[in-house]
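These notes are about the structure you will find just below.
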């Protein structure tokens, strides 16, 4: 059904208000809710047209309007169409940006190793404290649903959910409205047992399906991605006699080749994250990595927006040039954001 922009805005405002309050919506509420700058009389005329089109109802005389089933359908079809387009655009953008980001981070590690003559590492940014942005469930077949979950940072997760009942389009529509009305913008700590029970109660006979989608959403927020760490400059260790002992050098190089041990430095840095400087210095045994007990490690936290944080670090002998290393890291963490935006 084709609607002009004014009618579409008024219908959307009626649906959203009614979803929030459960009360019929009047023209005065619409005039405050939208930025159309229309008089109440003009809004009433538009509402009369929407009623004639079967998109809204007047439950009783002198009352405001509520959405009809057809009105819900127009609202949700448009919302899902916009969201699907947004998700597709996100996927394309993220794939392109992920490739560019990996290239950028590898270049950063290489540049730091060349400039400092030490070994370097940099972790890909991780999302911290994720929140839900959007959930869409769609039918795969009679026994499976696909839950597409978009979380903070525009990260997209897909989860297949098995169902024991065949859902018609109207039911799918109502469940999508329920999920997005109640869960949009929530962090994992907000999804408590009380909220889950309330949403499942609203879902009625479909409570098990809603429970499965909520579980998938919570899992998506808290799931740890494989931490990507890029390294460079391991041969620089051989420039310092105190690190060239065959056993020490072998252990250090193995640590850099198998980056799993380096993740402890990333986690320690992100959890500490010096508020004043963003710089952490580990000397000798202070390092969370046993293989680096004869080294000094200087790390910094960088941030790319949307809660995305990573760690960049420089590893060298205890007699490293701390002033130069700290200055280099400070400059690099500020430059990363600009470099990322350009890429």
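Below are the figures for this structure:
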read-out: Over the stretch 5-67: Rg over Rh, Cα atoms, Kirkwood Rh; value: 0.91
read-out: Per residue Cα convex hull volume in Å³ - calculated over the stretch 132-222; value: 81
read-out: Stretchable slack from residue 2 to residue 146, in nm (0.36 nm times residue separation minus alpha-carbon distance); value: 48.9 nm
read-out: Cβ-derived FRET efficiency at R0 30 Å, residue 187 paired with residue 207, nearest 0.05; value: 0.85
read-out: Extension gain, residue 156 back to residue 242 (0.36 nm per residue minus Cα-Cα distance, nm); value: 26.2 nm
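Throughout, read-outs are computed from the coordinates displayed, never taken from laboratory work. Just so we're clear, the structure is a prediction, and the values are computed from it rather than from any experiment. Quick reminder, even Gly has a Cβ in these numbers, built from the backbone with ideal geometry, and neighbours come from all protein chains shown.
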